[in-house]
């Protein structure tokens, strides 16, 4: 039974299109995150939601819009896709927000590989 | 902005060799985590170190947190092909604008040849 699941696993699309990635966690965690992993394997935080409230919004173009309908789901919608958006996007969850638990473990999904042509 | 410098970026060794991966910063962290990521999967937590000078062992893996909580190392003894993967360190900020924020290092891609 997958703890953090995200769909789709692969996404190939043309520049200028709009696409969404969905994420669900069945761990009962309060906090969910979106990370971007570039071709050099560097993981960078994009957004964090705590109990459906946006907590962290790093310097991300506003073409990226997260949405959390409930604390078990965090979706990522991307408008007007650009070549530089190609990356693997990881959803993650933790029991509590880092700041409130300095030993908090992140549980990651398997990633969604986005290729923009 | 806190930066975690991880080295080496790539490591290719033979089965049975020992290796050490380093994670360094000029910033202090309240804790530091090590993750391992296999191809096509997300990172999985290996260990969290919290106290300066702390040493934790996980079978053939030894993790150390620096006394000043600015650096950490991962030592693998007698590496095996199953150890192949991407190793990531991640530090939780201890103060200022980085308080409570998790920052990842650039990662070390380890390949262990049979």
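A short reminder: the numbers here are calculations on the coordinates, not readings from a lab. None of the values given here were measured: they were computed from a predicted structure. All Cβ positions, glycine included, derive from the backbone under ideal geometry; neighbour counts span all protein chains shown.
Quick notes on this structure:
- Rg over Rh, two decimals, chain A (C-alpha only, Kirkwood Rh): 0.95
- Gyration tensor over alpha-carbon atoms, chain B, equivalent ellipsoid semi-axes in Å: 25, 14, 11
- Taking the fewest neighbouring Cβ atoms within 10 Å as the starting point, the ordered list for A:117, A:11 is A:117, A:11.
- For the protein assembly as shown, DSSP calls about 90 percent of its internal beta bridges antiparallel.
- DSSP finds beta bridges in chain B, and of those with both partners inside it, around 90 percent are antiparallel.
- Distance from the alpha carbon centroid of segment B:71-85 to that of segment B:39-56 works out to 12 angstrom.
- Computed over chain B with a Gaussian network model linking Cα atoms closer than 10 Å, the most mobile of B:80, B:64, B:33 is B:80.
- Prolate/oblate/rounded label for segment B:49-105 (Cα gyration tensor, a/c 1.5): oblate
- The ranking of B:46, A:114 by Cβ neighbour count inside 10 Å, starting from the fewest, reads B:46, A:114.
- Gain on full extension, evaluated as 0.36 nm per residue between residue B:26 and residue B:67 minus their Cα-Cα distance, stands at 13.5 nm.
- Principal axis dimensions, largest first and in whole angstrom, of segment A:1-49 by Cα: 36, 21, 19
- Exposure proxy shown here: for A:15, A:32, the number of other Cβ atoms within 10 Å sets the order, fewest to most, as A:15, A:32.
- Considering only segment A:7-117, percent of DSSP beta bridges that pair antiparallel, nearest 5: 90 percent
- When the alpha carbon gyration tensor of segment A:40-109 is reduced to an equivalent ellipsoid, its three semi-axes come out at 22, 15, 11 angstrom, largest first.
- Within the protein assembly as shown, the proportion of Cα pairs with more than 28 Å between them is 31 percent.
- Length added when fully stretched, residue A:14-residue A:96, from 0.36 nm per residue minus Cα-Cα: 25.8 nm
- Highest-fluctuation residue, A:44, A:71, A:22 considered, GNM on chain A with Cα pairs under 10 Å: A:44
- Each residue, residue A:63 and residue A:80, gets one label point 7 Å from its Cα in the Cβ direction; the gap between the two is 0.7 nm.
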